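As C-alpha cells, the structure follows; a few thoughts come after it.
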Amino acid sequence: MKHTINLLVENNVGSLLRIAGMFSGRGFNIDSISVGASEEEGLSRMTIVTHGDDEIIEQINKQLNKCINVVKVFDLTGEAFVHRELALIKVQATPVERSEIMQIVEVFRAKIIDLSPTALTVEATGTEDKISAIISMLQPFGLKAVSRTGRIALKREFQGVTV
Amino acid sequence: MLVTSSPEVEKSSTDEKMTAPQILTGAEIFLESLVHEGVDTVFGYPGGALISLYDYIFKETRLRHLLVTHEQGGTHAADGYARATGKPGIVLVTSGPGATNTVTGIATAFMDSVPMVVFTGQVPSHMIGNDAFQEADILGITRPITKHSYLATNVDELADIIHKAFHIAVTGRPGPVLVDLPKDMLASKTAYFPATDVELRGYKPTVKGSFKQVRNAAKFLQGAKKPVVYVGGGAILSNAAEEVTEFARKLNAPVTMTLLGLGAFPETDDLSLGMLGMHGTWYANKAVDDCDLLIAVGARFDDRVTGNLEKFSPNSKKMQIDIDPSCIGKNVPVDLPIVGDVKSVLEELNPVVEKCDSDEWLQEIAQWKKDHPLRYAKNENVLKPQQVIEELSIATKGNAIIASDVGQHQMWIAQWYKFTQPRSHLSSGGLGTMGFGVPAALGAQVACPDRTVVGIVGDGGFQMTSMEIATAVRYSIPVKFVILNNGYLGMVRQWQELFFDKRYSNTHLNPSNPDFKKLAESYGAFALQVKTLDELRDAFDKMMAVTDRPVVLDVIVDQQEKVYPMIPANGSFENILEADV
Ligand SMILES: Cc1ncc(C[n+]2csc(CCOP(=O)(O)OP(=O)(O)O)c2C)c(N)n1
Ligand SMILES: [Mg+2]
C-alpha cells in the first residue's frame, strides 16, 4: 500500500543522505521524496511517498525514527491530509498550436509561464493524477522536458472535514 | 556553547581572571574534550592531517595514546576495550587511507552495537571536495555503518560536537559515531568551554519500559509450563546480567543465550542451556522448539538463531524486551513487546514475577542434557580443538576474558568455554569479521590489566591482523593468543565437506602457513608450538606466568574436526545434525 510520510529533519545535507541511504540500504521503495524549508529555522520538512506491506511500512517508520537527525515522523496515511505536486512542462508549440494548448491549460487551471516561437512552459499544480493527466494531454504536441517535484503534504487541521 | 566573537572573550578574560575561558586551538580542545569525557586510552595512528594534533599528544599526560600497527587493528582494539568495559572505545586516525582502514572495524562495532567514537583527520575545509592529497569522503563511506557522524568545520562547535558524539555512542542502543576533523579547524583558536548538556531533538531513546506494559508482562508470564528465556547481547550492553539471572531464577525458567549473550547468565547454573542457534546445543534448540513461552531479552531473532522463520519456536507465545523498537517484531511476530533498556525493564519486572509451574519441563530438559550433551571424540594422536578450549576453561576457571576470531574455533569457544561473567566473551557476531580476535584481545587487556585475556583465533584469521602483536610488544601488554591451527579455513572447509562434495576450493592454508612460533618470536613475543595434551597443559602454565609481553601458542589440532551440532542455514530443529560419536 502507498504511504505518505512527513518528516521534520535537521537542515543539512547529511540528513537527506542518511535518510535516502537508509531507504536504499534496506531495500525500501522511494516513489518520491521532496524536501525544503519548514516553519522552523534549522529544520526542513520532507515528504516521502513509499509503498510496501504493513510490516515494511512499520520498519520504515521505526528506522526513520532511529535516524538521529530526524526530529519527527508522521505517517499521514489513514489521516486526512492535503497534498500537491508541482510540475513544469515544456511543450513544443508552433504559433498555430498555441491556442489549443492554452485551452488545455485552462481546463487544468494551469499557467503558461514561458513562451518562445517554438515552445512554451506550463506550470501545473495538483494531485499526481491531475499532473499525469495534463502531461498526457500535452504529449501529442511533443514534450521537450518535464520536471515534477513529487508530492508535498500536510495533515489537515480538522480531521474528517474535506474541503 | 558557541563563542562568536573572540575579542569580547579576551576582554572579559582580563576582567575576571579566575573564570576566564582559555583560548585554545582545535587540537587542544579535542584533547580537553576527551579528558572531560573521561577517556583514558586512545588507539591511534598519525599522519599528515593530524601531525599538529600529535604534537600536542606528545606532551599529553592525562590520557594514553597507543600506537597500533594498522588502523583496522586500532578499531578492533577500541572495540575490545569497549566490550570489556562498557566504556566507549576511542580511535584516532589520519585522513584518506587512515580513515578508510577503519571501515571494517566500524562496521563490526555497528553490527554488534558497540559504543565507539572514531576521530578521523581530514584535509583543510577549503580543500574538501578537490580530490586533495589523502582526501576521502569518510563521512559518506561510513554513513550506513555509523550510528551518527559529524564534520567539525567550525572550531567553536568542536567541544559540543564531541560531547554529542559520546552521548550518542553510549546511550540508547549503543554504536559507533564518527567525527571528521579538518586540519585547519584543528589549528584555529577559540575559547574553550567544557560541553555539559546535550540538545538533540531527534534523539530521545526510551529507557524505561512503559508501566502498563510491565504490568501486562507479569500477567503474560503466568500460566506458562514450558518457558524459555532467550538472552542476547542487549543484556550485556545494558549491564543486566544480575537482573537476567534473578529473572530466570524467579520465573524458574531455563536460559539460552546467543553468541553475544554468553556471560549474561552463568553456564555453571543448572538452568543454563548454553548457546542456541545454528551451532547451539541440541537441548537449547529443542527447548526453543518445544516451549510454550519464549522471552527474548535484548535479542533480535537473528537468522543464525532462528533458521527457517516459519518453523522457529512454533508453539510459543513470545515476549520481547529491546531498547530498539525497530528490532521488535522485525523477523518474528511478538505478542508482548516492551521497548526499554533491559536492566531498567527487569528491575521493574522482577519484583512482580511469579514462579512458573515448570518443574516437569526442567526435568525433561535435564534428561535431554544427558541424552544429547555437547560431545566430540577424543583421539590419542591429535589434539581436538574442543579439548583445547575445555582445557583452557579449566585452567582459567572460566574467569578469563576470551576474545574470539571468526570460524570454527569461534563456535567451539561458545560451546566449550564455560562463561560465568558478562563482558568476558568478545566475539564479532553480527558482521563475523575475521581479524577481529587479535586486536580485540589486545584492547581488552589494555582495559583490564588485572584479568587474564586470551585471544583464541584460527590460523586464517590470525594472519589478517597478527601484526598487532607488535603493538602488544611495544607496550609490554601480556595478552595471550592461542591459535587453533587446523591448516584450513576450517569453517568454510566444513561447509565444503558437508554441502559441496568435499571440493576444498581455496581453503587449504597449510602449504603456505608460516611458522607461527618463529613469526611471534620475531616480534619479541613468547611463543610455543603445542601438539599433545601434556604440552598443552604445560604451555598454559608457562603462558600464565608471562607478565611482560604477549604470548602466542601455536596449537596444532585435528584438521578434519567439524562443529556440531549444526542446523544447516535456513533449516529448523528437525534438520539438526549431531556429532557422530
Ligand atoms: C574478513 C572475512 N573474510 C572472510 C570470511 C569468511 N569466513 C568465515 S569463517 C572462515 C574461515 C576461517 O578460518 P580460520 O581463521 O582458520 O578459522 P577456523 O574456521 O579454521 O577455525 C572464512 C574464510 C570472514 N568471516 N571474514
Ligand atoms: Mg583454520
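Measuring r between the beta carbons of B:Ser522 and B:Glu574 and using R0 = 41 Å, the FRET efficiency lands at 0.20. Residues whose amide H falls under 5 Å from that of B:Ser188, counting only those 5 or more places apart or on a different chain, are B:Gly26, with hydrogens built in the peptide plane.
About its Cα centre, the dipole of region B:22-192 is roughly 420 debye, where the only charges are +1 on Lys and Arg Cβ and -1 on Asp and Glu Cβ.
Each Lys or Arg adds one and each Asp or Glu subtracts one; over the other residues with Cβ under 14 Å from the Cβ of B:Gly80, this totals +1.
Given a Förster radius of 45 Å and the C-beta distance between B:Phe499 and A:Arg84 as r, what FRET efficiency does 1/(1 + (r/R0)^6) yield to the nearest 0.05?
0.20
Taking amide H as placed 1.01 Å from N in the peptide plane, B:Ala527 has its amide H under 5 Å from the amide H of B:Val552, each at least 5 places away in sequence or on another chain.
Its Cα gyration tensor gives region B:186-288 an equivalent ellipsoid; the semi-axes, largest first and in whole Å, are 38, 20, 12.
For region A:18-163, the share of alpha carbon pairs falling in successive 5 Å distance bins from zero is 2, 8, 16, 16, 14, 13, 11, 9, 6, 3, 1, 0 percent. For B:Ile138, neighbours were defined as the other residues whose beta-carbon sits under 12 Å from its Cβ, and their charges (Lys and Arg +1, Asp and Glu -1) total -3. FRET efficiency for the pair B:Asn506 and B:Ile23, taken as 1/(1 + (r/R0)^6) with r the Cβ-Cβ distance and R0 = 41 Å, rounds to 0.10.
Contact order for chain A, expressed relative to its length and based on alpha carbon pairs under 8 Å spaced 6+ residues apart, stands at 27 percent. Counting only other residues whose beta carbon sits under 13 Å from that of A:Pro117, what net charge do I get with K and R as +1, D and E as -1? Net charge in that neighbourhood comes out at -1. With Rh defined as the Kirkwood radius, the inverse of the mean 1/r over Cα pairs, the Rg/Rh of region B:310-454 is 1.02.
Separation of region B:303-367 from region B:27-41 is 41 Å, based on Cα centroids.
Here the average projected area of the convex hull drawn through the C-alpha atoms of region A:83-154 stands at 4.2 nm². Here the 3J(HN,Hα) profile of region B:527-539, calculated from phi with Karplus coefficients 6.51, -1.76 and 1.60 at θ = phi - 60°, is 9, 9, 9, 10, 10, 10, 4, 4, 4, 5, 4, 4, 5 Hz, Gly and Pro shown as x.
Excluding ligands, DNA and RNA, what is the accessible area buried between chains B and A, summed over both sides, using a 1.4 Å probe, to the nearest 100 Å²?
Summing both sides, the interface buries roughly 1300 Å².
In whole angstrom, how far apart do the alpha carbon centroids of region A:45-86 and region B:447-519 sit? Each part reduced to its Cα centre gives a spacing of 47 Å. For chain B, the antiparallel share of DSSP beta bridges with both residues in that region comes to about 10%. Antiparallel beta bridges, as assigned by DSSP with both residues in the protein assembly as shown, represent about 40 percent of the total such bridges. By the Cα gyration tensor, region B:221-261 has an equivalent ellipsoid whose semi-axes, rounded to whole angstrom, run 19, 11, 7 from largest to smallest. Using only Cα coordinates, the Kirkwood hydrodynamic radius of chain B works out to 25.1 Å.
Could you do me a favour and compute the accessible area per residue for the protein assembly as shown, 1.4 Å probe, result in Å²? Present the calculation step by step, with values, prior to reporting the outcome.
Working: 31850 Å² over 744 residues.
Accessible surface, normalised per residue, equals 43 Å².
Gyration tensor over the Cα atoms of the protein assembly as shown: the corresponding equivalent ellipsoid has semi-axes (square roots of 5 times the eigenvalues, largest first) of 50, 35, 26 Å.
Tell me what chain B gives for mean residue ellipticity at 222 nm when only DSSP H runs of n ≥ 4 count, each as -39,500 (n - 2.57), the sum divided by the residue total, rounded to 500 deg cm²/dmol. Walk me through the numbers on the way to the answer.
Numbers: 24 runs with 217 residues, N = 581.
Theoretical 222 nm ellipticity from helices: -10500 deg cm²/dmol.
Shown here is the pair-distance distribution of region B:377-513: with all Cα-Cα distances grouped in 10 Å bins from zero up to the longest one, the shares run 12, 41, 35, 11, 1 percent. For region B:112-129, 3J(HN,Hα) computed residue by residue from phi via the Karplus equation (6.51, -1.76, 1.60; θ = phi - 60°) reads 9, 6, 9, x, 7, 10, 10, 9, 10, x, 9, 4, x, 3, 6, 9, 4, x Hz, glycine and proline entered as x.
Among the protein heavy atoms of region B:22-192, carbon and sulfur supply 55% of the accessible surface, probe 1.4 Å, non-protein parts ignored. Here the dipole of region B:312-452 is about 460 debye; that uses its Cα centre as origin and unit charges on the Cβ of Lys and Arg (positive) and Asp and Glu (negative). Quick one: dipole size for chain B, taken about the Cα centre, charges +1 on Lys/Arg Cβ and -1 on Asp/Glu Cβ, in debye to the nearest 20. Taking the Cα centre of chain B as origin, the dipole is about 560 debye. According to the calculation over all Cα-Cα pairs in region B:22-192, the P(r) per 10 Å bin from zero is 11, 45, 37, 7, 0 %.
Radius of gyration over Kirkwood radius for region B:207-349, both on Cα atoms: the Rg/Rh ratio is 0.91.
With all protein chains in place and a 1.4 Å probe, the accessible surface of region A:83-154 carries 56 percent carbon and sulfur.
The relative contact order of region A:83-154, computed from alpha carbon pairs under 8 Å that lie at least 6 residues apart in sequence, is 52 percent. The heavy atoms of B:Ser52 present about 50 square angstrom of accessible area, all protein chains included, probe 1.4 Å. Would you be so kind as to identify which of B:Val530, B:Ala395, B:Leu442 lies farthest towards the positive end of the dipole of region B:385-563, taking Lys and Arg as +1 and Asp and Glu as -1 on Cβ and the Cα centre as origin? Going by the Cα projections, it comes out as B:Leu442. Beta bridges assigned by DSSP with both partners in region B:22-192 are antiparallel in approximately 15 percent of cases. Phi-derived couplings, Karplus 6.51 cos²θ - 1.76 cosθ + 1.60 at θ = phi - 60°, listed residue by residue for region B:164-170: 4, 4, 5, 4, 5, 5, 9 Hz, with x used for Gly and Pro. Taking H placed 1.01 Å from N in the peptide plane, check which residues at least 5 places from B:Ser572 or on another chain put their amide H under 5 Å from its amide H. Amide H neighbours of B:Ser572, under 5 Å, 5+ apart: B:Asn308.
On a per residue basis, the convex hull of the C-alpha atoms belonging to region B:109-159 measures out at 86 Å³. The shape of region B:139-203 comes out oblate: with a ≥ b ≥ c from the C-alpha gyration tensor, a/c is at least 1.5 while a/b does not beat b/c. Average projection, convex hull of the Cα set of region A:2-75: 4.2 square nanometres. I'd like the distance between the alpha-carbon centres of region B:65-135 and region B:381-437, rounded to an integer number of Å. Region B:65-135 and region B:381-437 have Cα centres separated by 26 Å.
I need the GluC sites (Glu not before Pro) found in region B:498-581, filtered to DSSP loop residues with at most 16 other beta carbons within 10 Å of theirs.
B:Glu578
The values are calculated or read from the model by the stated rules, or taken from the named source; none is laboratory data. Just so it is clear, the structure is predicted and the values come from calculations on it, not from any experiment. Don't worry about glycine lacking a Cβ; one is built from the backbone with ideal geometry, like all the others, and counts go over all protein chains shown. All accessible areas refer to the heavy atoms of the entire protein, side chains included, with ligands and DNA or RNA removed. Shrake-Rupley method; radii C 1.70, N 1.55, O 1.52, S 1.80 Å.
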